[in-house]
Every structure is written in C-alpha cells, then in structure tokens.
Amino acid sequence: MDKQLFWGTFVAVFLAEVGDKTSLAAMTASAKTGAIWTVFVAASLALVCATAIGVTVGAGLFKVLPPVAIKWGAGLLFIAVGAWILAGKGV
C-alpha cells in the first residue's frame with residue numbers, strides 16, 4: 001500500500017467532510033435521538049457506499065479520459081453546485 005497516497009487521501013477526505021452537511025446531519029440526528037452508535041454506524045456506512053461509488057466511477061473515467069479533463073470537470077461541477085446552492089436552488 002502506498003502510504004503517501006493513503007494519508008493524502010485520508011487528510012483530503014477528512015478535511016472535506018468535517019463541518020459539511022453530512023457532519024451536521026449526523027450531529028443533529030445523534031442530538032435528537034441520543035442513539036449515538038446507530039447514527040455513527042449509519043453515517044459511516046453511507047460514507048463508505050458514497051466513496052465506493054466515487055472510486056468506481058473515477059476508475060472508469062480515468063480509463064477513457066485524461067486526468068486533466070477529470071480535474072477540470074470536477075472543478076467546474078463543484079463551482080456549478082456552489083452557484084446552484086447560492087442561488088437558492090439547493091438544500
């Protein structure tokens with residue numbers, strides 16, 4: 001296993017997830033219900049499933065598109081979603 005890749009990915013995903021809507025939803029659910037372990041397991045499983053989809057789609061895209069195209073596409077999609085949310089169309 002590539003340790004640099006592992007820790008780079010860990011830090012990137014950790015920083016992206018801390019304080020986002022997913023974290024806030026988990027905090028709210030555990031605060032409302034007190035079911036800390038149920039919320040932890042459910043949120044963890046959801047993140048694993050979402051990550052599995054991302055890794056699978058990413059692996060497929062890298063077979064047909066150059067990495068620079070994927071980076072630009074992801075960046076533009078990120079900006080588009082941000083603009084959509086700022087325009088009041090998002091959650």
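For region 68-79, just list the computed ³J(HN,Hα) in residue order, Karplus coefficients 6.51, -1.76 and 1.60, θ = phi - 60°, integers in Hz, with x standing in for Gly and Pro.
5, 5, 5, 4, 5, x, 5, x, 5, 5, 4, 5
If I stretch the segment between Ala69 and Ala50 completely, what's the gain in nm (0.36 nm per residue apart, minus their alpha carbon distance), one decimal? Numbers along the way, then the final one.
Values: separation 19, 0.36 × 19 = 6.84 nm, distance 2.20 nm.
Length gained between Ala69 and Ala50: 4.6 nm.
Lysine pairs in the chain 8 or more apart or on different chains: how many have alpha carbons under 23 angstrom apart?
4
No solvent, one uniform scatterer per C-alpha: report log10 I(q)/I(0) for the chain via the Debye equation at q = 0.14, 0.16, 0.19 1/Å, two decimals.
Debye intensities relative to I(0), on a log10 scale: -0.73, -0.92, -1.17.
Give the calculated FRET efficiency between Asp2 and Phe40 to the nearest 0.05, with a Förster radius of 41 Å applied to their Cβ-Cβ distance.
On the way: r = 28 Å, r/R0 = 0.69.
It comes to 0.90.
Values in this text are rule-based calculations from the coordinates and carry no lab data. Quick caveat, the model's predicted, so the values are computed rather than measured. As a convention, Cβ positions derive from the backbone with ideal geometry for all residues, glycine included, and neighbour counts pool all protein chains shown.
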